[in-house]
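Bear in mind that the values in this text are calculations on the coordinates, not laboratory data. In this text the structure is predicted, and so the values were computed from the model without any measurement. When we count neighbours, we look across all protein chains shown, and the Cβ atoms used for this are built from the backbone with ideal geometry, even at glycine.
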Amino acid sequence: MSSEPGIDTGRFGRTLVLIGFVTTVFLFLIAERLSGDTFRIGAIAIGTVALITAITGFLIAAGSAVDAT
């Protein structure tokens with residue numbers, strides 16, 4: 001945790017990198033196994049989960065900033 005006021009950008013950055021890496025791995029995996037419309041549905045589902053996880057990570061980082069004040 002950072003001692004500076006505001007959002008902990010280090011924690012938030014690491015969370016975004018981890019989400020991006022996991023999303024990329026899952027997209028590569030479904031690209032090998034699925035095709036056509038099934039691939040599109042899978043990609044949208046994985047992208048939605050990644051977006052929700054990123055929003056949750058931001059809220060956690062913002063919450064830690066509020067707790068620090």
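Taking the chain as a Gaussian network of alpha-carbon nodes connected by springs under 10 Å, the highest mean-square fluctuation of the residues PHE21, PHE58, PHE12 belongs to PHE21.
For ASP8, the residues whose amide H sits under 5 Å from its own are ALA65, ignoring neighbours fewer than 5 places away on the same chain, with H placed 1.01 Å from N.
Calculate, for ASP37 and ILE60, the FRET efficiency according to 1/(1 + (r/R0)^6) with r their C-beta to C-beta distance and R0 25 Å; round to the nearest 0.05. Here the calculated transfer efficiency is 0.10.
Just rank ASP8, ASP37, fewest to most, by other beta-carbon atoms within 10 angstrom. With the sparsest Cβ surroundings first, the list reads ASP37, ASP8.
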